[in-house]
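Participant: Structure incoming, see below.
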Amino acid sequence: MLVRIVRMTFQQEKVDDFLNLFEVTKDRIRSFDGCEHLELHKDYHQPNIFVTYSIWRDDKALESYRYSQLFEEVWSKTKPLFKEKPVAFSNKPYIKVTPAQ
């Protein structure tokens, strides 16, 4: 399992463009072979910062997506909306934490 976290800072006036793009592509990304989960989070205090949290079967599945036509389509429309360069992290579970009762 690979957990991918991408922090994206958008130009304030482009946030709605990004949200519309995410809305129309999220199901296609979720159904991409190897994608097991996809969420979009909004920064608690900064309304132009978003984070995608996705789970992939393994690094090969993520790389397959990153070199796909779907990724090219989504990324080419997302990239011009950024205010800052996005920051991405690939992780694997180390210790599973269960919520306190």
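The values are calculated or read from the model by the stated rules, or taken from the named source; none is laboratory data. This structure is a prediction, so every number in the text was calculated from the model and none was measured. In this analysis, Cβ positions are derived from the backbone assuming ideal geometry, glycine residues included, and neighbour counts consider all displayed protein chains.
Participant: Cβ-Cβ under 9 Å, sequence separation 6+ or interchain: first residue in the stretch 65-92 and more than 20 Å from Asn20 (Cβ to Cβ), partner part of a loop (DSSP other than H, G, I, E, B) and not basic (Lys, Arg). Which pairs?
Facilitator: Tyr65/Phe32; Tyr65/Asp33; Tyr65/Gly34; Ser68/Phe32; Lys92/Met1
Participant: Okay, moving on. Considering only the stretch 66-101, state which residues are under 12 Å from the mean Cα position of the chain (by Cα) and under 15 Å from Ser31 (Cα atoms). Can you show your working first?
Facilitator: As a first pass, look at the stretch 66-101 and keep what is under 12 Å from the mean Cα position of the chain (by Cα): 66, 71, 74-75, 78, 86-90.
Selection gives Arg66, Phe71, Val74.
Participant: Under 6 Å by Cβ, and 6 or more places apart or on different chains, what pairs join a residue from the stretch 39-54 that is closer than 17 Å to Thr78 by Cα with one that is at pLDDT 95 or above and not in a strand (DSSP E or B)?
Facilitator: Going by the 6 Å Cβ cut-off, the qualifying pairs are Leu40/Phe22; Asn48/Gln12; Asn48/Val15; Ile49/Asp43.
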